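Report on one structure; see the data block that follows.
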Amino acid sequence: MPPIVKTLLHPQRTPPPPIDVDLARVMGTGTVVWAGALVVTGLLSLLDVVPTAWVFVCAAGVLLGLVGVQWARRNGRLSADGTGAMIRPGDEPTGSAGHTGRDDTA
């Protein structure tokens, strides 16, 4: 049995499994939030409540979000099994070889 101090300082944990997400949807949601912040900060900047630098930060968030959405749409697509997993072009599953590791038979 290992000493308690060593166990507390160096715990042995298994990493959680990766989460399958639609990256384009996630980035699109973030872009919409940045666009909302752009509108709010733009109005507040017109009233001299916030500095105009905040407006530029929000504009940069929108632009980078749009780039991210386009990247996600071009470089990946959703898997056909409905899990939300992204599949890169050229990595399409053939038969059961491309199974995501989930047991869908039960």
Here the gain from full extension of Val40 to Leu64, 0.36 nm per residue of separation minus their alpha-carbon distance, amounts to 6.8 nm
The stretch 15-44 scanned against label point 7 Å out from Val57 along Cα→C-beta; backbone N under 20 Å for 30-44
Karplus-derived 3J(HN,Hα) from phi for the stretch 21-29 (6.51 cos²θ - 1.76 cosθ + 1.60, θ = phi - 60°), whole Hz, x at Gly and Pro, runs 9, 8, 4, 5, 5, 5, 5, x, 5
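A short reminder: the numbers here are calculations on the coordinates, not readings from a lab. None of these values were measured; they are calculated from a predicted model. All Cβ positions, even for glycine, are placed from backbone atoms using ideal geometry, and neighbour counts span all protein chains on display.
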